[in-house]
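The values are calculated or read from the model by the stated rules, or taken from the named source; none is laboratory data. As the structure is a prediction and not an experimental result, all values here were calculated from the model. Remember, those area values only see protein heavy atoms, side chains included, never the ligands or the DNA or RNA. Shrake-Rupley method; radii C 1.70, N 1.55, O 1.52, S 1.80 Å.
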Amino acid sequence: MVFGKAYHLLVELKHQEYWAIKKLNLNPEFAGRKRLGKLHELEEFRLHAYENAKLYKEKTKRRHDKHIITRIFEPGQKVLLFNSRLNLLPEKMRSKWSGPFEVIHVTSHGAVELWNAMKTSTFLVNGQRVKHYFGKDVNHEKETIELENE
């Protein structure tokens, strides 16, 4: 016997369990069917969420693809090359495009072979990193001479 603590007899516990089962009307077969129904409902929700995600992705892809500009390059054209490594430099106002370069060859899968007139070499780049160049060539040596004369 422990002072200050409530005591429970084994008979009372069995009686309470039986009372709870009787009150809640727990039938094992009915509980199993109910659980199976909940699992089917959960599977239905999962399939519905999968369909919604698929529709959302298709809609987002259509919207993204609508803004893509197809660029067709031909040999002899002047192009600018996107310099992706420029983000490491602290100069914010520096242009991200370098060039102009001349297109030598365009492959069937979108790669473009460019010719660098300064280094007299050719190299291959992804066609998505290249855009058309419509401006005139700038001679930096001529600009510096003009600035010194002024």
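Summary of computed values
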| item | result |
| --- | --- |
| Pairs from LYS54/LYS131; LYS59/LYS96; LYS61/LYS131 whose Cα-Cα separation, in the structure shown, is over 27 Å | LYS54/LYS131; LYS59/LYS96 |
| Percent carbon-and-sulfur accessible area, segment 34-73, ignoring ligands, DNA and RNA, probe 1.4 Å | 61 |
| Solvent exposure ordering (accessible area, 1.4 Å, most first) of LYS131, LYS61, LYS66 | LYS66, LYS61, LYS131 |
